[in-house]
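Notes for the one structure printed next.
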């Protein structure tokens, strides 16, 4: 089967080059095509091994994180439901561990940031999901610097224009820097439902991550495209590989991510030929669960430098 596919690929490239006004050697260089494919296949194999190691590291990190924290599966506030298209993940820990600054770093390390509620509707969307979890207080992305005239602001510098304070709050005055924490139905020694003002250094056992980045400016949140297998994220940091590499995200046939569709990408398709879990291999360019002639045709039709 592999020999048949390779012969088909050679014939296809020859035809492609002829249409373009040249020969396979003209399209791929003076070096013999078979030698170049052989080297490309070896390079693709080495890259695959490297990718496997990266995924193993990511998996072990996820297991380690799971021992101390629980991240509820992220949910999207869909545009068709009146939302903003952003994704939100609720992370809870069995006990208080980090202050606001360290917690924000955790959210950013996960590829997002602490959630902000730009509208009351957004807050109510999050509140509904917080009710499904038990007791922890969740830090979000709002803070107020010390001073009687200072305003509560979200981390994107916009002013907080509405509040959902719990009974008895805010209660920390204006002499210290404060951050926003949410508790639904519980706050340690007292019952609480709503927002609370905390010191920056107070420890929390929960936080809300918001994913809102659109690094390729296509109008769709990157996190959702990664989940759908539309954008690759080999190191599992929730940031598209194409954005980290500074390459075009719309060049799906550039399997190696080097900005060029070439023999390396061809070899990746050939070496992965057959059934593949949807979205689990870059060689499955059209994400239909199979590496086949459709993916091969995409490589050939995109041959050359990515736009």
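Put a dot 7 Å past each Cα toward the Cβ at residue 290 and residue 215; how far apart are the dots in nm?
It works out to 3.3 nm between the two label points.
Any chance you could run the full-extension gain for residue 133 through residue 97? It's 0.36 nm times the residue separation minus the Cα-Cα distance, nm to one decimal.
Values: separation 36, 0.36 × 36 = 12.96 nm, distance 1.79 nm.
Gain in length upon complete extension: 11.2 nm.
In percent, what relative contact order does region 73-211 have, based on Cα pairs under 8 Å that are 6 or more apart in sequence?
Working: 276 pairs, mean separation 48.0, N = 139.
It comes to 35 percent, rounded to a whole number.
Under the 0.36 nm per residue contour assumption, what length would be gained going from the current alpha-carbon distance of residue 234 and residue 118 to full extension?
Working: separation 116, 0.36 × 116 = 41.76 nm, distance 3.18 nm.
So the chain would gain 38.6 nm between residue 234 and residue 118.
Order these by the 10 Å Cβ neighbour count, fewest first: 144, 199. Provide the component values of the computation, followed by the final result.
On the way: 144 20, 199 14.
Ascending Cβ contact count within 10 Å gives the list 199, 144.
Using 1/(1 + (r/R0)^6) with R0 = 25 angstrom and r between the beta carbons of residue 151 and residue 79, what's the FRET efficiency to the nearest 0.05? Please report the intermediate quantities before stating the final value.
Working: r = 30 Å, r/R0 = 1.18.
According to the calculation, E is roughly 0.25.
Which length gain, in nm to one decimal place, applies between residue 177 and residue 159 when the Cα-Cα distance is subtracted from 0.36 nm times their residue separation?
Values: separation 18, 0.36 × 18 = 6.48 nm, distance 1.58 nm.
Value of the extension gain: 4.9 nm.
Throughout, read-outs are computed from the coordinates displayed, never taken from laboratory work. For clarity, every value in this text was computed on a predicted model and none was experimentally measured. Cβ sites come from the backbone with ideal geometry, for glycine too, and all protein chains shown count toward neighbours.
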